[in-house]
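Notes follow once the structure below has been shown.
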Amino acid sequence: MLGLDGFPHRAISPELTPRLWDLARGGGRAPDGGVTDLPSSTDPGFCSLLTGCKPATHGVLTTSWRFARLPDWAGVETPRVASIFDACHATGVRTAAIVADDRGLLCTGSADRRWPPDGVIPPGTDLDAHGYPVNAAVLPHSSLGFVFGHVNEADTIGHDYGPESEAARACYRATDQVVGVVLDALASNWADTVIVVVSDHDMQPRDSSPPVDPMANGTDGGWDAYIPDGGSALIHLKPGVDPHRAGKALLRIDGVETWVRSNDSVMVAGLKPGRIVAAPRYSSGGFHGAPITARTVALVGGGDPAVGRIASAIAARRPHLADWAPTLAPLLGVDLGLVDGRNMLR
Ligand SMILES: [Zn+2]
């Protein structure tokens, strides 16, 4: 399983990403991409991917833990449910996790092999070449049952220069070449291999529209705090406030497109395209978090007989990030337990 951080579904094409294109041509691809929850940001998404549960269950509601210590109502920093690594560990299926972003992806701690070791990137590592450890780590470990690799550069470049920039397109092309090295390394085990490539969210360009401050609109909608996560905000309700009443008030704020409930006291406001939630800092080129960036890459390839069936499933219905772990776990012979996502092969 490869997670391409911030990689847009629309960037996959024969010209720009020939290896991903060929992989999907031999396997399959969700025609409209996959989907993730709001906020469409890194930590909620990858925790859904690796636990099979949705944010309301795994508890990681926002990626904003990276920038501040958050109040208790903002959920948890690491998932409160087991991951596919835990399930594999319980059954003796060997696993590895190679993550370019050591701050997030908070459910890889149970992997048998993990890079960076202890979550700390070794001194001297080239931080602009995060893809390379994926290659180096995957090559010698064909006895592993489940390998998760995370490459980060499309996210960084998208934030800094925008997802449609020349720099971003060059990064998409380079990311495809990294994927190609991994695919070449897997060639000798192709008949036994299922390769899933996803992204955690899309990216949209910044424009000049004013940030949306949920506290600055003069109306008492029933909330007393918010946490920005790009194009979405976690909204904390005052005790006893009806979420539907608060939701109606949120929709009256200029720039708000939709809302969803996280739990009894927390909801998520998702903004319209182009709009960003007022925050202490903004990236210069692109951002995510909103409904428009909840579209993920979702493709499958490899030589295992399950590949064709997964391809049919994702062609028929958009996969949620939480659907991948419960689909792959039975193929690995491990029990993920009760999760929110569905086994696409059932
Ligand atoms: Zn991300």
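The values are calculated or read from the model by the stated rules, or taken from the named source; none is laboratory data. Remember, predicted model here, so these are calculated numbers, not experimental data. Methodologically, a virtual Cβ is constructed for each residue, glycine included, from the backbone with ideal geometry; neighbour enumeration extends over all protein chains shown. We work out accessible area using only protein heavy atoms, side chains counted, and drop any ligands, DNA or RNA first. Shrake-Rupley method; radii C 1.70, N 1.55, O 1.52, S 1.80 Å.
Before moving on, here are some points about what is shown:
- In terms of packing, defined here as the mean over residues of other Cβ atoms within 10 angstrom, the peptides 333-339, 34-40 line up highest first as 34-40, 333-339.
- The lysines within cross-link reach of Lys238, meaning a Cα-to-Cα straight distance under 17 Å and a gap of 8 or more places when in the same chain, are Lys248.
- Estimated distance in nm for a label pair at Arg346 and Arg309, the labels positioned 7 Å out from Cα along Cα-to-Cβ: 1.3
- Net charge of Cβ neighbours under 14 Å - reference Pro319; Lys, Arg +1; Asp, Glu -1: +3
- Cα gyration tensor, the stretch 207-282 - rounded (a/c under 1.5), prolate or oblate: prolate
- Subtracting the Cα-Cα distance of Thr258 and Arg169 from 0.36 nm times their residue separation leaves 29.0 nm of extension gain.
- Within straight-line cross-link reach of Lys54, lysines at Cα separation under 21 Å, skipping those fewer than 8 residues along the same chain: none
- Using a Förster distance of 51 Å, the FRET efficiency for Trp190-Ala278 (Cβ separation, nearest 0.05): 0.55
- The chain shape via C-alpha gyration tensor axes, a/c threshold 1.5: prolate
- Note that the chain presents 41 Å² accessible area per residue, ligands and nucleic acids not counted, probe 1.4 Å.
- Between Ser265 and Leu338, the modelled labels are 2.5 nm apart [label points 7 Å from Cα along Cα→Cβ].
- Between Arg318 and Ser13, the simple label model (points 7 Å from Cα in the Cβ direction) yields a spacing of 2.1 nm.
- Listed residues Ile12, Gly221, Thr51: farthest to the positive end of the dipole of the chain (Cβ charges): Gly221
- Summed side-chain charge close to Ala90 - residues other than Ala90 whose Cβ falls under 14 Å, Lys, Arg +1, Asp, Glu -1: -2
- Segment Lys238-Arg69, extension gain: residue separation times 0.36 nm, minus the distance between their alpha carbons: 58.8 nm
- The stretch 186-241 shape via C-alpha gyration tensor axes, a/c threshold 1.5: oblate
- Helix runs (DSSP H) in the chain reaching 24 Å along axis by Cα, Kyte-Doolittle at least -1.0: 166-186
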